[in-house]
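Structure first, commentary second.
The values are calculated or read from the model by the stated rules, or taken from the named source; none is laboratory data. No experiment lies behind these values; they were computed from the predicted model shown. Here Cβ is always computed from backbone atoms with ideal geometry, including for glycine, and neighbour counts include all displayed protein chains. Surface areas here come from the heavy atoms of the whole protein model, side chains and all, with no ligands, DNA or RNA. Shrake-Rupley method; radii C 1.70, N 1.55, O 1.52, S 1.80 Å.
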Amino acid sequence: MAAKKATAKNALALSKEQFKDSIVKHLRSTLGTDEARANNQAWWKATCSAVNELVFDRLTETSKANAENDSRAVHYLSLEFLMGRLTVNNLHNVGVFDAARDALTDLGKDINDICDEEPDMALGNGGLGRLAACFIDSLATLNYPAVGYGIHYEHGLFRQEIQGGRQIERPDSWREYGNPWEICRPESIQEVPLYGYVETVFGEDGKMRKVWHAGRQIKGVPWDIPVVGYEAKTVNVLRLWESKAADFFDWDVFNAGGYVDSQAEKSQAEAVSKVLYPNDESEQGKELRLIQQYFFCACSLKDIIRRYKRNHTDFSQFSKQAVIQLNDTHPTVAIPELMRILIDEEGLVWDDAWKICSETFAYTNHTLLPEALEKWAVYLFEKVLPRHLEIIYEINRRFLEDEVEAKWPGNDEMKRHLSIIEEGETRMVRMAFLCVVTCFKTNGVAAMHSELVKQDLFPEFCELWPERFENVTNGVTPRRWLLACNEELASMYTDLVGDQWPRDLTLLSKANEFADDAKFQKKFMDIKHTKKVQLAKVIKDLCDVEVDPNAIFDIQIKRLHEYKRQHLNVLHILALYRRLLENPNYEMNKRVFIFGAKAAPGYKLAKDIIYAINKIADKVNNDERIQGKLKVVFLPNYRVTLAEKLFPAADVSEQISTAGYEASGTGNMKFALNGALTLGTLDGANVEIAEEVGDENVFIFGLNCDEVKALKAAGYNPWDYYYGNPELKAVLDWLETDYFTPGAPGELASIKQSLLEGGDPYLCLADFASYSEAHIAVDKMYSDKKGWARKAIINSASVGKFNSDRSIEDYVDRIWHLEKVMPN
Ligand code: OX2
């Protein structure tokens, strides 16, 4: 019997024949070509246009329903949305994937080739941006009124090339030849003021007012990306702002004969949405970055207020109608901006404006890393956003004089400690403090992280307002991360539990009953093998390395960062390699270590680690002495599209951050869902994954969070571990030789240096022995085929909790309090 497929039920669904007609029609009338002349790119665009006939209709119906119901909506402000490709996902969500595939087949085209034409929409760095993408998918699927707001970057995250083992950054041009999913909305353009000065004026009534005379204006042009809910009638919008020079400026200067100046004005304005900052979890102290933040917040708030005013004449209902979620501190400047609009433009008094703001904004914290907690120099604020700085000062004054004084009377040290303004040589605005002081809720992204947010990051704020702190554990959309990326496993689950699991992922738990069933195990592991064969081909194509699909595929894919400890993985690989060289009979299953990671362009050590992985791979993969038992692969240009091929093919999921540093992780969830076993520390959501799948089905190693803190407090000395563990010493010393970089000794030495002289801030050496033992346990377990299959099944079947639909329902219950709206 042919495997059943989960496809979205859809009253509007097109038959194969209708789809064919529609594609051909669009080839001709939209793209000006025909079946004979069209290239794959044209076929792809025609396919998208055919889908859009369904999608755009629903978009209109959704916005009509929301307007008619005057429904409360969430506005998700995020500097990053890591959408990846949309075609396959949209086909699935609209419920026409099969029709499209069959139509294209009839037309002589392979749907995979056609969909491969789509560039990734990489408007984000990593987990934070991908989370935003999963969340808007879930919001639409659950029929909640929601708008995602962000920046329409001309260039997304850089394309990574590897040359001579090193990362080279190339510009990403995702929309160079147009993007069929986006709609420009010139009717909703917004003006954004910048720079200038603030004037105090007194009205005829004697009342004081502030007037901001901006020195420059730019305009924000909205581009709407439809967000198609699964099986849902809802199509929400992701509205991304593109910056352009404000028209009148061009003309004034131009008419005065300043052609060159008018061009400069234009390119300065356009620079604002030109590039995504390629930093993950580190502050980027650039004026342009502050302007980016303000630009998209200002445009989005104006848009929200414009929509609100369609049904309201005053602001009394504003916080009932709109909740604004700040995705990390990047959109914090929306807070003083709303205060400014309400007071300076709408004429509200401070207390009323403050009440609205503090009932409207909520804030999600994604990291505890001190370098990622944004601070902006006061002088920069003063220059770019002078009125906003005044407002921040006033928010701070009231907070310190009223709330802090009441709780800790006369305690100036506490005031200094909690002030939104950090005193020092360069005075700074602490954005996270501004969020916590204003927002009605602050949440972390996994249970453990949310506890640390309360205990370590904001303990005094938590004492002041314990009710403001929440947890919402992250999740991932099962539509993209199982249904679309692992067709084979998806069909198997549909056979087992019916076609509703892409909404209710807990249905998969039925597979637990079959975890010991030989036939079920075989089917499950055959699928894993198929996905490994497919990945092996990708590896051959991209890296020219042959890997054996019978080997253990051990994968670490995430941004390159010291706290994520790719270098701990490297040290262990070297130890294994050394064992194999010393003892050719060393018993182990064949193992392929696969990495995918981008390093921030300015992050030297992270780039050195990429270089080390590639150099070690060159050596290991070509060393005949080890008989192919060990392979190392670094896949270039890790991104959503590559991730979709990696998660389904993994046996082992490397989640090895120093405990207490990874807020949640979401890759860990995608791996488990696709049947990989976690090898990880008790960090972030690993803790909850272990709870769900059972401790016996994960490999936990290393220091826990309290032990990390204790070791650091006691004075951690990495040299103790270096001298105490001969194998560790040997592999570290190896890095200083020219073994992996013939003729160039010392090229990999920076890693050793950071781990010894550099103090090993992320405790790689402290965790090495335990990590190495855990790997032995992995290897042993893999030899027990049935035992492994059982664990893989249990993992996949037991992570229903990590559906991003559940995360969204938690946000709705605990923070947003939305009602569903069903479009017609
Ligand atoms: C990431 C966190 O590092 C990761 O742990 C988390 O899963 C993800 O956000 C989504 O919540 N930039 N990226 C993150 O935090 C920041 C800041």
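The table below gives the values:
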{"quantity": "Order of exposure, largest accessible area first, which applies to K564, K510 with probe 1.4 Å", "calculated": "K510, K564"}
{"quantity": "Mean Cβ neighbour count within 10 Å, used as a protection proxy, ranking 759-766, 794-801 highest first", "calculated": "794-801, 759-766"}
{"quantity": "Cα-projected label distance for K820 with K537, points at 7 Å along beta-carbon direction, nm", "calculated": "4.0"}
{"quantity": "Solvent accessible area, Å² - E467, 1.4 Å probe, full protein context", "calculated": "110"}
{"quantity": "Candidate residues Y393, Y230: accessible-area rank, largest first, probe 1.4 Å", "calculated": "Y393, Y230"}
{"quantity": "Heavy atoms of W174 accessible to a 1.4 Å probe, total area in Å² rounded to 10", "calculated": "10"}
{"quantity": "Residues with amide H under 5 Å from that of T678, placed H, sequence gap 5 or more", "calculated": "S653, F699"}
{"quantity": "Relative contact order [Cα under 8 Å, 6+ residues apart], the stretch 139-281, whole percent", "calculated": "28"}
{"quantity": "Relative contact order (%) - criterion: Cα under 8 Å, at least six apart; region: the chain", "calculated": "15"}
{"quantity": "Accessible area of the stretch 144-188 divided out per residue, in Å², using a probe of 1.4 angstrom", "calculated": "42"}
{"quantity": "Positive minus negative residues near H312 (Lys, Arg vs Asp, Glu; Cβ under 13 Å)", "calculated": "+3"}
{"quantity": "Near-label residues of the stretch 332-363 by backbone N, under 19 Å of a point 7 Å along Cα→Cβ of K207", "calculated": "338-357"}
{"quantity": "Heavy-atom accessible area order for M781, M339, M822, largest first, 1.4 Å probe", "calculated": "M822, M781, M339"}
{"quantity": "Net charge of neighbours whose Cβ lies under 15 Å from the Cβ of K785, counting Lys and Arg as +1 and Asp and Glu as -1", "calculated": "+4"}
{"quantity": "Farthest positive-ward along the stretch 754-824 dipole, Cα basis, beta-carbon charges - from L765, S807, G787", "calculated": "G787"}
{"quantity": "Per residue, in Å², the accessible surface of the stretch 285-414 once ligands and nucleic acids are set aside, probe 1.4 Å", "calculated": "36"}
{"quantity": "Over the chain, volume per residue of the alpha carbon convex hull, in Å³", "calculated": "183"}
{"quantity": "Computed [θ] at 222 nm, helices only, for the chain once each DSSP H run of length n ≥ 4 contributes -39500 (n - 2.57)", "calculated": "-13500 deg cm²/dmol"}
{"quantity": "Radius 13 Å from Cβ of K355, net charge of other residues (Lys, Arg +1; Asp, Glu -1)", "calculated": "-1"}
{"quantity": "Heavy atoms of V445 accessible to a 1.4 Å probe, total area in Å² rounded to 10", "calculated": "0"}
{"quantity": "Dipole magnitude (debye, nearest 20) for the stretch 706-824, charges at Cβ of Lys, Arg, Asp, Glu", "calculated": "680"}
{"quantity": "Contact order normalised by residue count of the stretch 475-572, Cα under 8 Å, 6+ apart, percent", "calculated": "14"}
{"quantity": "Cα Rg over Rh - the stretch 724-824, Kirkwood", "calculated": "1.26"}
{"quantity": "Charge dipole magnitude, Cβ of K and R +1, D and E -1 - the chain, Cα centre, debye nearest 20", "calculated": "1680"}
{"quantity": "Total charge dipole magnitude, the stretch 97-234, about the Cα centre, Cβ charges on Lys, Arg, Asp, Glu only, Debye to nearest 20", "calculated": "820"}
{"quantity": "Selected from G229, V333, N40, residue furthest toward positive end of dipole (the chain; charges at beta carbon)", "calculated": "N40"}
{"quantity": "Residue-normalised accessible area of the stretch 597-706, expressed per residue, 1.4 Å probe, Å²", "calculated": "26"}
{"quantity": "Accessible-area composition of the chain, carbon plus sulfur, in percent [1.4 Å probe]", "calculated": "50"}
